[in-house]
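The values are calculated or read from the model by the stated rules, or taken from the named source; none is laboratory data. Quick caveat: nothing in here was measured; it's all calculated off a predicted structure. Heads up, the Cβs are rebuilt from the backbone with ideal geometry, glycines too, and the neighbour counts pull from every protein chain shown.
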Amino acid sequence: MNKVLALVTGVAAWAAAAVVAVLIVFNMGVKNQVLMFLPILAVVVAAWIIGELVTERVFTGREKGV
Amino acid sequence: MALLQRTFEKRELRDPGLIRAIFSNTWLAPLWLVARLYLGYQWLLAGSHKVWGEGRWIAVSGQDGLPLRSYWERAIAIPEQGRPAISYDWYRDFLTFMVNHEWYSWFSWVIALGEVTVGILLIVGAFAGLAALAGAFLNFNFMLAGSASINPVLFVIALLILFGWKVAGWIGVDRWLLPALGTPWQPGRVFRRVLKGRVANEACPVCQMPVDRARSPASAYNGLIYLSCCPVCKERLDEQPARYIAGFGPAIPVPAEG
């Protein structure tokens, strides 16, 4: 159950990153590309951190100090 | 004969340390992330104009792909003075064929959705190498059709990501996706589960230590999977598979568990 939850969390984090990136690009103008680029970078890094701290940790058993 | 043998004998030329550090080491993953995001962002932006808004290519009230037809017609036109946009006759013939057969109506969907897909995959770092390859193919075609714009820059970045496919998606989904799927020459956890009936050994072919079916490094050889006890043994096995597998004995598929 723990692993399923961790996997769903990881997948959801990356799916959310993709959705946010699409929403940002599709709904904002192209006048300032840096302002569009930075939030995409932020959501991708956030998804990666969630994957590392939640999914990877549970699957490799690091939370148990293995 | 000796010259031919010497020239074509099996010899692996290893990359220098700097090249391996750039294209195979995870310490440069943040740099690959920025390159990947820039490229993905550009593709997503290009695709967004084609699938969304007033000037979109697809899902319009009339026939789809009319802007694409205009683009192709401009590309294949031969001006009375100066050089045509397309340098290669075979590519002009190809575009002319597609215009004449009204392929732009469905091809516009391929390009528009392809650009969006490439953009998303690069941004989340899923199959980054394949996404970069698809993007490079699109750039290549735009350049063949005479459009320079930012295509040369995107093409070069895509090639670099293609070379660094192993680490380009490290800060991304590939961090988990690639080890799970693996490659044809090194099956990952998913493929190993599918092919577990074809695992040929219970002990490391190199040092005879026991192997773990779920975690040990795998190599594919002659259609069977050989597990090594550690990465060092796997490297030795990959260098000289015939030697170790011959020494190990005939490869007999073991029955699948469960």
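Structure data summary
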item	result
Segment A:12-26, subset touching a residue at least 24 places away in the same chain (Cβ under 8 Å) and more than 7 Å from chain B (Cβ to nearest Cβ), residue nearest to A:E56 (Cα to Cα)	A:A13
Condition met for B:G172 (at pLDDT 85 or above, under 30 Å from B:R74 (Cβ atoms) and either touching an Asp or Glu at 6+ places or on another chain (Cβ under 9 Å) or not in a strand (DSSP E or B) (or both))	no
Those residues of segment B:182-210 which are at pLDDT 80 or above and farther than 24 Å from B:K166 by Cβ, in sequence order	B:A203, B:C204, B:P205, B:C207, B:Q208, B:M209, B:P210
Members of segment B:41-76 that are away from chain A (no Cβ under 11 Å), surrounded by 14 or more Cβ atoms within 10 Å (Cβ to Cβ) and of a type in the set (A, V, I, L, M, F, W, C)	B:W57, B:I58, B:V60, B:L66, B:L68, B:W72, B:A75, B:I76
Out of B:F97, B:F142, sole residue that is under 29 Å from B:Y38 (Cα atoms), aromatic (F, W, Y) and more than 14 Å from chain A (Cβ to nearest Cβ)	B:F142
Some residue of segment B:20-35 being in contact (Cβ under 8 Å) with a residue 60 or more places away in the chain and under 17 Å from A:A21 (Cα atoms)	yes
Tally of residues being closer than 18 Å to A:V25 by Cα and more than 8 Å from the chain's Cα centre (by Cα) across segment A:40-54	3
Extreme residue, nearest to B:K10 (Cα to Cα), among residues of segment B:208-236 that are touching a residue at least 12 places away in the same chain (Cβ under 8 Å), under 26 Å from the mean Cα position of the chain (by Cα) and in a helix (DSSP H, G or I)	B:K234
Single residue of B:A168, B:A126, B:A131 found to be within 14 Å of chain A (Cβ to nearest Cβ), surrounded by 17 or more Cβ atoms within 10 Å (Cβ to Cβ) and in contact with a Lys or Arg (Cβ under 6 Å, 6 or more places away or on another chain)	B:A168
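Rundown of residues vs (1) crowded, with 20+ Cβ neighbours inside 10 Å; (2) part of a helix (DSSP H, G or I), yes/no style:
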| position | (1), (2) |
| --- | --- |
| B:A136 | yes, yes |
| B:M143 | no, yes |
| B:G146 | no, no |
| B:A158 | yes, yes |
| B:I161 | yes, yes |
